[in-house]
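See structure below.
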There are 2 protein chains.
Amino acid sequence: MTKKTTIYDIAKKLNITAATVSRALNKNPKISDATKELVLKTATEMNYEQNKLAQALKNGKSYNVGVIVSRIDSNFFASIIRGIEEELFNHGYHVIICQTNNNEKMEAENINTLLNAQVDGILMSISNINIDKNIMFKKLLNKKIPLLFFDRKKSIPGISSITIDDFSAGYKATQHLIDEGCKRISHLSVDRNFEIFRDRFLGYKQALSDNNIPFDESLVIETKSNIEAGKEATKKLLKLQNPPDAIFSSSDFSALGAIQELKSQGIKIPQEVCVVGFSNEPFTKFMELSISSIDQSPVEMGKTTARVFIQQIKNKEKHVEQKVVLEPKLIIRKSSSKQNPSK
Amino acid sequence: MTKKTTIYDIAKKLNITAATVSRALNKNPKISDATKELVLKTATEMNYEQNKLAQALKNGKSYNVGVIVSRIDSNFFASIIRGIEEELFNHGYHVIICQTNNNEKMEAENINTLLNAQVDGILMSISNINIDKNIMFKKLLNKKIPLLFFDRKKSIPGISSITIDDFSAGYKATQHLIDEGCKRISHLSVDRNFEIFRDRFLGYKQALSDNNIPFDESLVIETKSNIEAGKEATKKLLKLQNPPDAIFSSSDFSALGAIQELKSQGIKIPQEVCVVGFSNEPFTKFMELSISSIDQSPVEMGKTTARVFIQQIKNKEKHVEQKVVLEPKLIIRKSSSKQNPSK
């Protein structure tokens with residue numbers, strides 16, 4: 001094996017001190033850009049391996065932050081990640097992303113992967129409602145690096161979270177449908193073991209109650225967040241003796257499935273059935289029959305998550321649990337504009 | 001500082017040998033699942049840090065693979081990543097993802113981030129056409145870990161790539177428009193310094209030539225891959241003295257912009273102008289006016305990329321450069337079905 005290049009070798013070659021080489025490699029602002037460039041170029045030519053990792057093991061900083069989401073191909077999560085990246089980049093941090101595909105085992109493996117990559121913190125939307133029982137998660141807690149939840153959270157003492165007010169979102173969507181004259185409002189829900197989906201459901205229920213509309217359990221279907229699931233659920237709803245005149249879905253993807261099924265059965269939207277989705281995915285806007293939806297300000301959610309992380313990194317001793325709740329916005333489009341079809 | 005827990009402490013506590021503890025922690029198949037679970041549980045309770053990283057530094061294996069793409073929120077890249085994950089997971093590898101947002105500096109930082117995370121290889125779609133001049137990229141090459149390009153590649157000796165036959169895709173799309181009776185076919189291109197976009201353009205040109213249709217430079221516009229850019233380009237095309245009767249776009253996103261612009265000007269699709277996009281993004285299928293597009297088999301592209309990576313990891317000595325080219329599929333939908341509108 002060849003002898004490893006050291007900073008002394010580089011210093012000798014460039015006829016500068018080892019301290020300057022070290023500072024240049026560590027991007028010290030006191031060193032000119034020209035010197036930094038020269039040192040980096042020479043270091044690369046000499047096959048010098050700074051081994052930031054060995055450094056990270058020593059001083060406990062990698063300047064990498066791990067983000068875990070269920071899926072990267074939804075605009076919602078992609079926008080959150082964009083917000084996180086934009087904010088963290090200003091503080092010199094880089095983001096590495098893992099996806100769980102809603103698989104609990106994969107989520108545990110992701111945590112392990114990111115810990116092995118020596119991240120300085122993990123920002124995640126959970127896929128396993130019993131995550132606190134998971135051994136990798138316990139390992140993560142033991143590490144005492146910042147851990148934050150966004151969107152799909154679980155209330156765990158000491159862990160900060162950034163969400164929207166999902167109860168309010170469910171309430172607003174339902175109230176809007178009532179205002180449009182709908183009387184039998186159904187709800188496509190997703191696994192209500194997750195707080196966000198439970199809260200949307202509770203908001204829906206409260207709006208019905210406040211408007212003296214009786215709650216009918218047969219109008220609530222728990223389903224997955226995809227097109228096929230939305231179709232299937234809608235088929236079931238339409239077979240009811242007294243079918244609904246509105247569908248409020250906790251997911252834009254199942255709302256799209258609902259619309260496809262309604263159309264295939266010749267049912268007019270919004271005249272016969274109004275539809276409201278959730279997340280304001282771009283397709284809801286650019287479809288011919290545009291879909292009403294709830295905007296969750298994902299970029300803002302990402303930026304806020306990043307800001308809370310930075311605070312935690314800076315105040316390691318005085319760690320304060322934060323629960324940030326952003327206000328959701330109802331976006332009314334064609335799929336639910338019965339009274340005012342020009343929308 | 002408290003003394004670190006060692007495998008000997010765990011062995012003592014469980015009354016087994018240190019070798020068994022070590023094997024259990026390293027997931028040796030000879031150890032029963034029950035023992036593995038017990039050892040892992042005890043290790044976590046005792047706050048044992050296996051420090052895979054220190055191990056990785058020693059044996060040079062982290063079992064993490066880095067993937068770099070321009071954006072994670074396109075179905076195309078998300079599907080490639082899914083293919084990569086599915087294939088690599090079977091070999092015990094985990095995937096960590098970085099996005100460049102088409103920013104060259106970010107791409108260089110991503111490479112650095114992944115190298116610092118000690119990945120065993122990098123699979124990437126490039127954002128910088130001069131990537132081979134970049135200092136971080138040179139550092140990556142020096143590392144001698146497997147490096148593969150997929151989709152947006154640059155031909156660099158020794159680096160394998162997995163792409164579709166973009167020339168053939170451009171040819172097929174154009175031939176289809178000619179078969180539909182179109183005579184003035186325009187092309188929305190993207191930065192042709194990238195081989196994939198250049199090849200699509202060359203395929204378009206060849207199909208025109210083979211059908212004795214003169215090539216008209218004013219019908220080719222180089223633009224970005226987004227809705228707004230598609231609208232702008234279409235505005236320009238429609239202002240031509242002799243406007244086009246078809247648009248073949250190298251991007252579904254700009255094809256969508258084109259359609260929006262055509263509609264807003266009251267132009268009938270496909271009767272007056274046919275449109276074909278590229279990538280088969282899901283929205284092309286579920287729009288009312290479904291968009292014809294080129295399917296690039298992204299999951300298969302991801303799986304193939306992963307397979308070539310595994311081959312390279314296994315045959316470090318006998319490294320053979322591979323250029324895998326997959327066959328694109330033309331998907332004909334309403335936006336270009338002038339002859340047979342039932343499609």
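The table that follows gives values for the structure above.
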quantity	calculated
Scan of segment B:102-136 for residues that are farther than 16 Å from B:ILE81 by Cβ and among the polar types (S, T, N, Q), ordered by number	B:ASN102, B:ASN103, B:ASN112, B:THR113, B:ASN116, B:GLN118, B:ASN128, B:ASN130, B:ASN134
Checklist (1) crowded, with 21+ Cβ neighbours inside 10 Å; (2) closer than 23 Å to A:SER250 by Cα applied to A:GLN175, failing item	(1)
Candidates B:PHE150, B:PHE248, B:PHE253, B:PHE201 - the one that is in contact with a Gly (Cβ under 9 Å, 6 or more places away or on another chain), not aliphatic (A, V, I, L, M) and not assigned by TED's automatic domain parsing to the domain that holds B:ASN280	B:PHE150
All positions within segment B:270-279 that are surrounded by 20 or more Cβ atoms within 10 Å (Cβ to Cβ) and in contact (Cβ under 8 Å) with a residue 60 or more places away in the chain	B:PRO270, B:CYS274, B:VAL275, B:VAL276, B:PHE278, B:SER279
Unmet requirement for A:GLU37, which otherwise passes all of (1) within 13 Å of the chain's Cα centre (by Cα); (2) at the interface with chain B (Cβ under 10 Å from one of its Cβ atoms); (3) surrounded by fewer than 19 Cβ atoms within 10 Å (Cβ to Cβ)	(1)
Out of B:GLN265, B:GLN241, sole residue that is out of contact with any Leu (no Cβ under 6 Å at 6 or more places or on another chain), under 12 Å from B:SER218 (Cα atoms) and surrounded by fewer than 18 Cβ atoms within 10 Å (Cβ to Cβ)	B:GLN241
Segments classed as helices (runs of 4 or more DSSP H), wholly inside segment B:49-131, with at least 2 members that are more than 8 Å from chain A (Cβ to nearest Cβ) and at pLDDT below 90	B:52-59, B:104-116
Residues satisfying the stated conditions in segment A:82-106, i.e. surrounded by 24 or more Cβ atoms within 10 Å (Cβ to Cβ) and within 22 Å of A:ILE129 (Cα to Cα)	A:ILE97, A:CYS98, A:GLN99
Test: residue in segment A:178-191 that is buried (at least 17 other Cβ atoms within 10 Å of the Cβ) and within 22 Å of A:LEU326 (Cα to Cα)	yes
Test: A:ARG200 is surrounded by fewer than 20 Cβ atoms within 10 Å (Cβ to Cβ), charged (D, E, K, R) and touching a Phe, Trp or Tyr at 6+ places or on another chain (Cβ under 9 Å)	no
Pick from segment B:5-25, criterion buried (at least 16 other Cβ atoms within 10 Å of the Cβ) and charged (D, E, K, R), ranking: nearest to the chain's Cα centre (by Cα)	B:ARG23
Residues located in segment B:132-177, provided they are among the basic types (Lys, Arg) and within 14 Å of chain A (Cβ to nearest Cβ)	B:LYS133, B:LYS138, B:LYS139, B:LYS143, B:LYS144
Unique residue being of a type in the set (Val, Ile, Thr) and either outside the structural domain of B:SER249 (by TED's automatic domain parsing) or over 26 Å from B:SER155 (Cβ atoms) (or both) when the list is B:ILE196, B:ILE185	B:ILE185
Any hit, segment A:292-307, residues being modelled with pLDDT under 95 and over 17 Å from the mean Cα position of the chain (by Cα)	no
Test: B:GLY158 is in contact (Cβ under 8 Å) with a residue 60 or more places away in the chain and under 15 Å from B:VAL276 (Cα atoms)	no
Qualifying strands (runs of 3 or more DSSP E) (wholly inside segment A:247-343; at least 1 residues being basic (Lys, Arg))	A:323-326, A:329-331
When residues of segment B:207-259 are limited to those that are free of Cβ contacts under 8 Å to residues at least 60 places away in the same chain and among the acidic types (Asp, Glu), the one nearest to B:LEU330 (Cα to Cα)	B:ASP252
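The values are calculated or read from the model by the stated rules, or taken from the named source; none is laboratory data. These figures come from a predicted structure and were not determined experimentally. Note that we place each Cβ from the backbone using ideal geometry, even for glycine, and neighbour counts take in every protein chain shown.
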